[in-house]
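Take a look at the structure set out below.
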Amino acid sequence: MNKTFLQIAALLGALSVILGAFGAHGLKQVLDENGLKIFETAVRYQFYHVFALALTGVLYKAFGSKYLYYAGWMFIIGIIFFSGSLYILTFKTAAHIEGLNWVGPITPIGGLFLIIGWICLAFAVSAGKIKS
């Protein structure tokens with residue numbers, strides 16, 4: 001097992017629940033429907049990839065592949081870039097902040113990291129040998 005990945009997954013999972021509750025109860029007064037959808041997408045993708053990260057941490061014991069190590073870090077970076085940029089965009093909208101136009105292009109970069117994480121995970125499992 002990779003304890004670091006499991007710890008980060010647990011913390012990001014808790015953060016997902018906190019942010020999801022905040023979005024469901026605290027943002028309805030300050031965001032329109034589109035803003036809420038953006039925020040919900042950020043939370044949903046973060047939560048999906050918490051499970052991917054936890055799975056990667058558990059599979060690390062069985063396969064011990066460097067590709068699992070890469071997958072874990074790709075998921076972490078992807079969550080930060082993808083969900084993080086959407087959280088910033090939501091905050092920008094809620095706080096009526098001008099600027100921060102550089103944040104939008106970060107979202108697809110985060111998505112690319114998430115995709116690479118899944119590819120690394122698939123490669124690690126298909127090419128790896130289970131440790132005895």
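The values are calculated or read from the model by the stated rules, or taken from the named source; none is laboratory data. Computed from a predicted model, the values in this text were never measured in an experiment. As a convention, Cβ positions derive from the backbone with ideal geometry for all residues, glycine included, and neighbour counts pool all protein chains shown.
For region 16-54, the set of residues classified as aliphatic (A, V, I, L, M) and under 12 Å from Ile79 (Cα atoms) consists of Ala42, Val43, Val50, Ala52, Leu53, listed by residue number. If we keep just the residues of region 1-56 that are of a type in the set (Val, Ile, Thr) and more than 15 Å from Thr90 (Cβ to Cβ), which is surrounded by the most Cβ atoms within 10 Å (Cβ to Cβ)? Looking at residues that are of a type in the set (Val, Ile, Thr) and more than 15 Å from Thr90 (Cβ to Cβ), I get Thr56. When Leu100, Leu15 are checked against the criterion of being over 17 Å from Leu114 (Cβ atoms) and either modelled with pLDDT of 95 or more or assigned to a loop (DSSP other than H, G, I, E, B) (or both), a single residue qualifies: Leu100.
Scanning region 111-132 for residues that are over 16 Å from the mean Cα position of the chain (by Cα) and part of a helix (DSSP H, G or I) turns up Ala122, Phe123, Ala124, Val125, Ser126, Ala127.
For region 80-93, indicate whether the set of residues that are basic (Lys, Arg), within 24 Å of Leu6 (Cα to Cα) and surrounded by fewer than 19 Cβ atoms within 10 Å (Cβ to Cβ) is non-empty. If you could, list the steps in order and put the result at the bottom.
Residues of region 80-93 basic (Lys, Arg): 92.
The next check asks that each one be within 24 Å of Leu6 (Cα to Cα); those that pass are none.
There is no residue in region 80-93 that is basic (Lys, Arg), within 24 Å of Leu6 (Cα to Cα) and surrounded by fewer than 19 Cβ atoms within 10 Å (Cβ to Cβ).
Restricting region 80-97 to residues that are part of a helix (DSSP H, G or I) and either of a type in the set (A, V, I, L, M) or farther than 21 Å from Gly20 by Cα (or both) leaves a set whose member that is nearest to the chain's Cα centre (by Cα) is Ile80.
Here Ala62 does not fit the description of being more than 21 Å from Phe123 (Cβ to Cβ) and either modelled with pLDDT of 95 or more or assigned to a helix (DSSP H, G or I) (or both). Screening the candidates Ala42, Ala71, Ala52, Ala62 for the property of being within 27 Å of Thr4 (Cα to Cα), over 21 Å from the mean Cα position of the chain (by Cα) and of a type in the set (A, V, I, L, M) yields one hit, Ala62.
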